[in-house]
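The values are calculated or read from the model by the stated rules, or taken from the named source; none is laboratory data. Just so it is clear, the model here is predicted, and its values are computed rather than measured. Cβ coordinates were reconstructed from backbone atoms using ideal geometry, including for glycine residues, and neighbour counts include every protein chain displayed.
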Amino acid sequence: MHPNIRAILAVVAGVIIGVTIMNGIQSFSPYQPPPGVTYISGEPPYLEWVRSLNTSAWTIIIVSMLTGSLIGAFVTNKITPPTNFPPLITGFTILFFAIVRYMAFASPAWATYVSCVGCLLFAWIGGWLATRIKIGKY
């Protein structure tokens, strides 16, 4: 398979796994939106819910983003030849997903800063770990 196509598929796989992990962690959070309120429509009730989240809720959101970036980038770099670029794309894509979902709705400044730096840092760490940890024949 051509290396560029393999890298694109690796990023897609890493993002899918990372976002799934992020959503899985958040689905067990005690801080859930009220029934019928969703971020897709961008309705005022969702905006009010996001603004009402406390520090514990934002901590869970940040931890889920960082975990998704770490594991997603790990998977990406396991599929591609070891480089720094594809895992960082995975981390940035997960960060973009989180920005659309939460940060665009008046998140606290500290959560924005931690997520922007953290997603890319944890994606780099995940890519680095993938070069150090042997799984199977790769």
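Points to keep in mind about this one:
- Out of 83, 38, 90, sole residue that is in contact with a Ser or Thr (Cβ under 7 Å, 6 or more places away or on another chain) and polar (S, T, N, Q): 90
- For the range 99-126, residues that are in a helix (DSSP H, G or I), out of contact with any Ser or Thr (no Cβ under 6 Å at 6 or more places or on another chain) and not polar (S, T, N, Q) total 17.
- Looking across the range 73-95 at every residue that is closer than 14 Å to residue 22 by Cα and of a type in the set (Ser, Thr, Tyr), the one that is surrounded by the fewest Cβ atoms within 10 Å (Cβ to Cβ) is identified as 93.
- Within the set 86, 82, the sole residue that is at pLDDT below 85, within 24 Å of residue 125 (Cα to Cα) and over 12 Å from the mean Cα position of the chain (by Cα) turns out to be 82.
- If you go through the range 89-137 and keep only what is in contact with a helix residue (DSSP H, G or I) (Cβ under 6 Å, 6 or more places away or on another chain) and more than 24 Å from residue 60 (Cβ to Cβ), you end up with 89, 127, 130.
- The range 13-40 residues that are surrounded by fewer than 19 Cβ atoms within 10 Å (Cβ to Cβ), paired with ones that are in a helix (DSSP H, G or I) and of a type in the set (D, E, K, R) (beta carbon under 6 Å, 6 or more apart): 39/101
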